[in-house]
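The values are calculated or read from the model by the stated rules, or taken from the named source; none is laboratory data. The model shown is predicted, which means the values in this text are computed figures rather than measured ones. We place every Cβ from the backbone using ideal geometry, glycine too, and count neighbours over all the protein chains shown. Accessible surface is based on the protein model in full, side chains and every heavy atom, while ligands, DNA and RNA are left aside. Shrake-Rupley method; radii C 1.70, N 1.55, O 1.52, S 1.80 Å.
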2 protein chains.
Amino acid sequence: MRVLITVEYDGKNFCGWQIQPGKRTVQGVLSDAFFSLFGKNTVIYGSGRTDSGVHALNQKAHFDYDGQVPTDKIPLAVNTLLPDDVSVKNARIVPDGFDARFSAKKKTYRYDFYFSRVHRPLYDSRAARVPFSADKFDIGKAKEVLSLLTGTHDFAAFSSTGRPVESSVRTIFDASISLSGDIYSITVTGNGFLYNMVRIIAGTVIETALSLRPVSDVKKALESGNRIFCGKTFPPHGLTLISVDYDL
Amino acid sequence: MRVLITVEYDGKNFCGWQIQPGKRTVQGVLSDAFFSLFGKNTVIYGSGRTDSGVHALNQKAHFDYDGQVPTDKIPLAVNTLLPDDVSVKNARIVPDGFDARFSAKKKTYRYDFYFSRVHRPLYDSRAARVPFSADKFDIGKAKEVLSLLTGTHDFAAFSSTGRPVESSVRTIFDASISLSGDIYSITVTGNGFLYNMVRIIAGTVIETALSLRPVSDVKKALESGNRIFCGKTFPPHGLTLISVDYDL
């Protein structure tokens with residue numbers, strides 16, 4: 001049978017999701033734990049990679065399993081074998097044709113940041129520091145940029161690898177910004193994301209709202225596909241994969 | 001002149017505030033950094049100790065200084081000499097008679113916790129896990145307990161050391177509970193706190209609201225001074241010193 005799991009992790013001490021020889025990765029740590037639990041190799045298929053340092057509140061992955069542990073007991077059982085920075089929160093049986101990556105309909109990422117001249121020990125693990133005064137940040141401009149990005153566009157400019165061979169057209173269903181305490185959060189839901197796309201969106205929103213670049217650059221970026229019209233790629237530790245949605 | 005600083009720290013890797021030989025403490029790390037910055041020993045007087053593992057958003061401390069660094073440049077200067085888990089956020093000149101501990105009028109602590117059968121890597125650094133279903137938590141009862149604790153009482157029962165030689169009478173000005181996402185926060189403001197008092201308040205509120213002990217125990221605890229009527233001492237990593245208030 002095919003099992004879908006929900007995984008939370010603190011990305012700080014992981015070299016990202018994908019298994020790599022000699023590197024500590026989430027997929028690698030999960031594979032080791034399931035090997036111990038099930039007594040056999042179990043290939044874990046994620047909904048997609050996350051980069052080194054990126055967190056996940058609800059990453060999704062599937063694997064095939066024909067053993068004795070009841071599905072609802074899998075989270076508690078495997079968590080006893082997992083380190084503190086990763087946790088399997090949920091497990092359920094899904095149809096055999098289901099695929100954590102290809103069945104995904106929507107993904108939501110959140111980018112967290114704060115403004116401060118000095119670093120903030122209680123924020124730094126999960127939010128990027130922007131060394132400007134918060135007074136200089138025009139949240140109205142931030143919303144304008146997010147509104148321009150919403151919809152179906154060629155996001156080639158918003159990718160670290162440039163225009164790929166496959167299509168760089170993606171649909172953003174929703175993009176918003178909110179403030180809680182001192183932490184700003186940009187939340188973006190789309191049908192898929194290019195490499196570094198959310199971190200470049202964060203850089204573009206922040207630089208524009210700080211008036212370091214004009215709002216008109218966003219239109220130019222979408223029209224030209226030229227990375228030069230976007231902000232810098234913001235650091236990974238501000239990024240969290242919030243959810244992956246399926247028709248289930 | 002006397003300088004008051006505001007300090008933020010992540011308590012995880014500190015053996016608390018107070019300097020101890022051979023231990024990594026916040027006061028010790030600050031003393032080392034100020035020694036490097038000023039070129040002489042500088043005694044740092046905190047508003048009070050925090051225990052091993054306890055965090056601070058705005059701890060306060062004072063020291064005397066007659067050197068050349070302008071007060072408003074002290075935070076950026078000393079932060080270059082501090083590790084990532086502690087930061088001096090602010091420095092200001094105060095009257096010579098001022099004392100970070102004895103001039104304090106109010107302190108506010110927050111205790112954060114969440115309910116989950118499995119551990120949560122993105123929450124565990126700053127919130128305590130309670131391995132119950134959130135459905136079992138009656139927030140109305142939690143508010144009832146906090147209301148009973150508000151005011152001037154002998155809090156001897158709410159201390160790990162029992163009834164001290166000095167008075168264990170304290171005033172709680174305000175005590176409340178809120179929910180943000182999955183995280184519950186108990187916030188308590190008082191004129192002072194006994195050893196472990198906020199962590200025992202957290203344990204008492206949580207156990208009562210989970211119906212593990214009756215609300216009437218709280219009155220008995222306040223009347224008798226007997227620790228047996230309180231909940232357990234909750235772990236330090238859920239506790240954060242939020243603010244220390246002065247008449248300045």
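What strands (runs of 3 or more DSSP E) lie completely within the stretch B:142-248 and have 1 or more residues being open to solvent by 30 Å² or more (accessible area, probe 1.4 Å) and under 20 Å from B:V130 (Cα atoms)? Before you say what the answer is, go through the steps one by one.
Working: elements: B:151-154, B:169-180, B:183-190, B:239-245.
Qualifying strands (runs of 3 or more DSSP E): B:169-180, B:183-190.
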- Might you check whether a residue that is farther than 17 Å from B:V7 by Cα, more than 14 Å from chain B (Cβ to nearest Cβ), in contact with a strand residue (DSSP E or B) (Cβ under 7 Å, 6 or more places away or on another chain) and among the charged types (D, E, K, R) occurs anywhere in the stretch A:139-147? yes
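Determine whether A:F234 is under 22 Å from the mean Cα position of the chain (by Cα), modelled with pLDDT of 95 or more and under 22 Å from A:D154 (Cβ atoms).
On the way: under 22 Å from the mean Cα position of the chain (by Cα): yes; modelled with pLDDT of 95 or more: yes; under 22 Å from A:D154 (Cβ atoms): yes.
For A:F234, the condition - under 22 Å from the mean Cα position of the chain (by Cα), modelled with pLDDT of 95 or more and under 22 Å from A:D154 (Cβ atoms) - is met.
Tell me, please, whether a residue that is touching a Gly at 6+ places or on another chain (Cβ under 6 Å), open to solvent by 40 Å² or more (accessible area, probe 1.4 Å) and under 27 Å from A:G225 (Cβ atoms) can be found in the stretch A:120-135.
The initial filter retains those residues of the stretch A:120-135 that are touching a Gly at 6+ places or on another chain (Cβ under 6 Å), namely A:127-128.
Next cut, open to solvent by 40 Å² or more (accessible area, probe 1.4 Å) only: none.
No: the stretch A:120-135 contains no residue that is touching a Gly at 6+ places or on another chain (Cβ under 6 Å), open to solvent by 40 Å² or more (accessible area, probe 1.4 Å) and under 27 Å from A:G225 (Cβ atoms).
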- Task: Filter the stretch B:32-52 down to residues that are farther than 22 Å from B:L241 by Cα and assigned to a loop (DSSP other than H, G, I, E, B) and give me whichever is most open to solvent (accessible area, probe 1.4 Å).
- Result: B:N41
- Can you name the condition, by its number, that B:I93 falls short on among (1) of a type in the set (A, V, I, L, M, F, W, C); (2) surrounded by 15 or more Cβ atoms within 10 Å (Cβ to Cβ); (3) part of a strand (DSSP E or B)? (2)
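Looking only at the stretch B:228-248, which residues are in contact with a Phe, Trp or Tyr (Cβ under 8 Å, 6 or more places away or on another chain) and of a type outside the set (F, W, Y)?
Our first condition is that a residue be in contact with a Phe, Trp or Tyr (Cβ under 8 Å, 6 or more places away or on another chain); within the stretch B:228-248, this holds for B:230, B:234, B:238-242, B:246, B:248.
Scanning the stretch B:228-248 gives B:C230, B:G238, B:L239, B:T240, B:L241, B:I242, B:L248.
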- Message: Anything in the stretch B:1-31 that is in contact (Cβ under 8 Å) with a residue 24 or more places away in the chain, farther than 22 Å from B:P235 by Cβ and surrounded by fewer than 16 Cβ atoms within 10 Å (Cβ to Cβ)? List them, or say none.
- Response: B:M1
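Of the residues B:G140, B:G190, B:G181, which is within 30 Å of B:L248 (Cβ to Cβ) and not assigned by TED's automatic domain parsing to the domain that holds B:L57?
On the way: B:G140 fails: within 30 Å of B:L248 (Cβ to Cβ); B:G181 fails: within 30 Å of B:L248 (Cβ to Cβ).
On inspection, the qualifying residue turns out to be B:G190.
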- Selection count where residues are part of a strand (DSSP E or B), within 30 Å of B:A128 (Cα to Cα) and either more than 7 Å from chain A (Cβ to nearest Cβ) or free of Cβ contacts under 8 Å to residues at least 60 places away in the same chain (or both), scope the stretch B:53-87: 5
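Taking the criterion of being exposed (fewer than 15 other Cβ atoms within 10 Å of the Cβ), of a type in the set (A, V, I, L, M, F, W, C) and in a loop (DSSP other than H, G, I, E, B), would at least one residue in the stretch A:110-119 satisfy it?
no
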- Item | The one condition in (1) modelled with pLDDT of 95 or more; (2) over 30 Å from B:I186 (Cα atoms) that B:F102 fails to fulfil | (2)
- Message: Which numbered condition in (1) under 20 Å from B:L57 (Cβ atoms); (2) in a loop (DSSP other than H, G, I, E, B) is the only one that A:F132 fails?
- Response: (1)
- Message: Being closer than 16 Å to B:K107 by Cβ and touching a helix residue (DSSP H, G or I) at 6+ places or on another chain (Cβ under 6 Å) is the requirement here; does B:A175 meet it?
- Response: yes
- Could you please let me know if B:D112 is within 14 Å of chain A (Cβ to nearest Cβ), farther than 30 Å from B:E223 by Cα and touching a residue at least 24 places away in the same chain (Cβ under 8 Å)? no
- Out of (1) more than 19 Å from the chain's Cα centre (by Cα); (2) modelled with pLDDT of 95 or more, what's the single condition that is false for A:L248? (2)
- Apart from one, (1) within 18 Å of B:S147 (Cβ to Cβ); (2) within 17 Å of the chain's Cα centre (by Cα); (3) of a type in the set (D, E) all hold for B:D217; the odd one out is (2)
